[in-house]
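K.L.:
Mind looking over this structure? Questions follow.
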Amino acid sequence: MNKKVLDIFVIGGGVNGVAIARDAAGRGLNVALAEKGDLASKTSSNSTKLFHGGLRYLEYLNFSLVKEGLKEREILLKNMPHIALPMRFIMPLDQNLRINSKTPVSRFLSIIMPWLRGRRPNWLIRLGLLLYDKLGRASILHSTTAVDLHKSIEGKPLKKCFSKGYEYSDVWVDDSRLVSLMARDATEKGALIMTQNEVIGFERAKDIWLIKTSKGSFKARVLINASGPWSYQLARGFSEEFEFGKLRLVKGSHIVVKKLYEHEKAYFLMGKDGRVMFSIPFQKDYTVLGTTEVIIDEGNENPKCSDAEIEYICKFVTDYFAKPVLPSDVIWSYSGIRPLFENESESNTALSRDYFFDLNEEKGSGPLLNIFGGKLTTHRKLAEKALQKINNYLDIGNDWTEKANLPGGDFNLSERSELIDKLSSDFSFLEKETVNRLFNNYGLDAWNILGKAKSISDLGECFGSDLFSSEVKFLVKYEYARSADDILWRRTKVGLKVAKTASKKLNLYIQQLLS
């Protein structure tokens, strides 16, 4: 057993768990984190990949959640300008679209304006976008504008029936890179990050916790359960009397197809069933479409996008795009499970995206903090509030992450293009596409990966596409990559472009580096 008593032990290597470990380490606390698989290997790498306030949540009058998300959106964009980018979203207008009948807004409109017959009027959409801008108070992102879809490039991929729309701002982010970079930053600040290390038991012993993992045992003053979809199950396993609201597990699936249009803007599409769908440019040559919301009974370790979900997404977007999207067009799909708290509505879209805490205390000793819910956008604030929950047990010090850049992101967003040009100039033997990919993944650390290379051959063995051993070594050394999938699908998305046979060769090389 590790004889040192830690301040905090975190269970779960998703975005929330890693954010807490990073924040705690930056305050000088002794913290360890255990993840049974790879970092962000479940929900946190399978999101829509957006920092946003949640425009559709306004129909549920959840202003506080939207406002917090919009404030965090700008903070995070400043802190990680290499992996997060401003993105404009086109919202085509359709007079026949129905508003979700379960929302407070729809119920109010049905009373005062029954002639709408459940339709979502354009003035209501404009009002929502105006409120979205006001709540965001953004200084970096552009405000909402009207767009003539018959005269603009953004209207060309759409069916001719869509003549008008709005254009608004949100932020795209590489979700799995976010988690990897936070883990690296946590390590540099003294945290012990352990992947491939499952927690198999824990118990109180007076005022500390005894935690047993598959690779060793630990002692800690505070235990934090941040295991995402499995947090509720873990909390109930510890205490048979545990009861904390009703948790629904919702599977969200996305599909990836070859890019549907040439421009770099996304689409916010509203469905006849009251749901919304995103169409987002992805990795230069692709478009990601999603998401679904399917209630499931239990947390599947490896959820899959079903044929029914693929058909649903294809039909949804084909109602908008002139060229049909077919199931046969799908190149890749991914699914994640979100733990959402149930309210009185029967609609999946009405489930709360907010986060909740449960502090389990036994006579003031050895607290267990259970974390439920949350979304990608609010991970930083969630971590701050989680630590504030345990300030009676530890001296947590001052908040610090609001103005702290992630590794490789210590530059201003306005300098981005200039830095990419400099990287291209310094390593002129690289293709422009490779330069962009490396900077988008690593920011200023791209120079560290490329080192003193004067030619492609100086980067070492190629594992397909533009993935060379110099990059693999960096990811194994600094970002906890332990398998081909870790690198091909989470630290990068090169898996979209390399042959499946590359995995075996890459796995062998990684094992050589680790031995």
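Where a number appears in this text, it was derived from the coordinates with a stated rule and is not lab data. The shown structure was predicted, so the numbers you read here are calculated from the model rather than taken from an experiment. Please note: Cβ atoms are built from the backbone with ideal geometry, for glycine as well, and neighbour counts cover all protein chains shown.
K.L.:
For the range 413-514, what is the charge dipole size about the Cα centre, in debye to the nearest 20, if Lys and Arg each add +1 at the Cβ and Asp and Glu each add -1 at the Cβ?
P.N.:
Dipole magnitude for the range 413-514 comes out near 400 debye.
K.L.:
Whole-Hz Karplus ³J(HN,Hα) for the range 78-92, in order, using 6.51 cos²θ - 1.76 cosθ + 1.60 and θ = phi - 60°, x for Gly and Pro?
P.N.:
5, 7, 9, x, 8, 9, 10, 9, x, 9, 9, 10, 9, 10, x
K.L.:
Calculate the radius of gyration of the Cα atoms of the chain to one decimal place, then report Dmax, the largest Cα-Cα distance, as a whole number, both in Å.
P.N.:
23.2, 71
K.L.:
Same structure again: For the range 413-514, what's the relative contact order in percent, using C-alpha pairs closer than 8 Å and at least 6 residues apart?
P.N.:
On the way: 80 pairs, mean separation 20.4, N = 102.
For the range 413-514, the relative contact order is 20 percent.
K.L.:
Now, a different point. Once you've got the Cα coordinates, tell me which of LYS78/LYS375; LYS151/LYS265; LYS159/LYS259; LYS385/LYS493; LYS156/LYS315 are over 24 Å apart. Kindly include the intermediate steps, with their values, before the conclusion.
P.N.:
Numbers: LYS78/LYS375 19 Å; LYS151/LYS265 16 Å; LYS159/LYS259 17 Å; LYS385/LYS493 32 Å; LYS156/LYS315 19 Å.
As for pairs spanning more than 24 Å Cα to Cα, those are LYS385/LYS493.
K.L.:
Specify the inter-centroid distance of the range 481-515 and the range 258-304, based on alpha-carbon positions, in whole Å.
P.N.:
26
K.L.:
Further question: For the range 38-52, just list the computed ³J(HN,Hα) in residue order, Karplus coefficients 6.51, -1.76 and 1.60, θ = phi - 60°, integers in Hz, with x standing in for Gly and Pro.
P.N.:
Couplings: 8, 4, 6, 7, 10, 4, 6, 10, 10, 9, 6, 6, 10, 9, 8 Hz.
K.L.:
While we're here: Using a 10 Å Cβ count of at most 16 others and DSSP loop calls, identify the longest part of the chain lacking such chymotrypsin sites (Phe, Trp or Tyr not before Pro). Intermediate results must be reported in sequence, preceding the final value.
P.N.:
On the way: sites that count: PHE242, PHE244, TRP400, PHE411, PHE429.
The longest such stretch corresponds to 1-241.
K.L.:
A further question on this structure: What value, in deg cm²/dmol to 500, does the helix sum -39500 (n - 2.57) over DSSP H runs of n ≥ 4 give at 222 nm once divided by the residues of the chain? Numbers along the way, then the final one.
P.N.:
Values: 13 runs with 148 residues, N = 515.
Computed mean residue ellipticity for the chain: -9000 deg cm²/dmol.
K.L.:
Which whole-number percent of Cα pairs in the range 272-333 have a distance greater than 12 Å?
P.N.:
That fraction is 73 percent.
K.L.:
What does DSSP give for the chain in terms of the percent of beta bridges that are antiparallel, rounded to the nearest 5?
P.N.:
Details: 64 of 82 bridges.
The answer is about 80 percent antiparallel.
K.L.:
Taking θ as phi - 60°, what are the ³J(HN,Hα) couplings along the range 211-218 by the Karplus curve (6.51, -1.76, 1.60), each to the nearest whole Hz, with x for Gly and Pro?
P.N.:
Result, ordered by residue: 10, 10, 10, 5, 10, x, 10, 9 Hz.
K.L.:
Ok, one more. Decide, for the range 397-508, between rounded, prolate and oblate: order the square roots of the alpha carbon gyration tensor eigenvalues as a ≥ b ≥ c, take rounded if a/c falls under 1.5, and otherwise choose prolate if a/b is larger than b/c, else oblate.
P.N.:
Oblate is the answer for the range 397-508, as a/c is 1.5 or above yet b/c matches or exceeds a/b.
K.L.:
Check which residues have an amide H placed less than 5 Å from ASN197's amide H, if you skip close sequence neighbours.
P.N.:
Result for ASN197 returns GLU35, LYS36, GLY37.
K.L.:
Summing +1 for each Lys or Arg and -1 for each Asp or Glu, what net charge is found among the other residues whose Cβ lies under 10 Å from the Cβ of ILE449?
P.N.:
Summing Lys/Arg as +1 and Asp/Glu as -1 gives -1.
K.L.:
Something else about it: Mind listing the long-range amide H neighbours of ASN30? Cut-off is under 5 Å, sequence gap 5 or more, other chains count too, H placed in the peptide plane at 1.01 Å from N.
P.N.:
When sequence neighbours closer than 5 places are left aside, the close amide H contacts are ASP7, ILE8.
K.L.:
Taking 8 Å as the Cα distance limit and 6 or more residues as the minimum spacing, I'd like the relative contact order of the chain as a percentage.
P.N.:
21 percent.
K.L.:
Dipole magnitude of the range 131-217 about its Cα centre, charges +1 at Lys/Arg Cβ and -1 at Asp/Glu Cβ only, in debye to the nearest 20?
P.N.:
It comes to approximately 200 debye.
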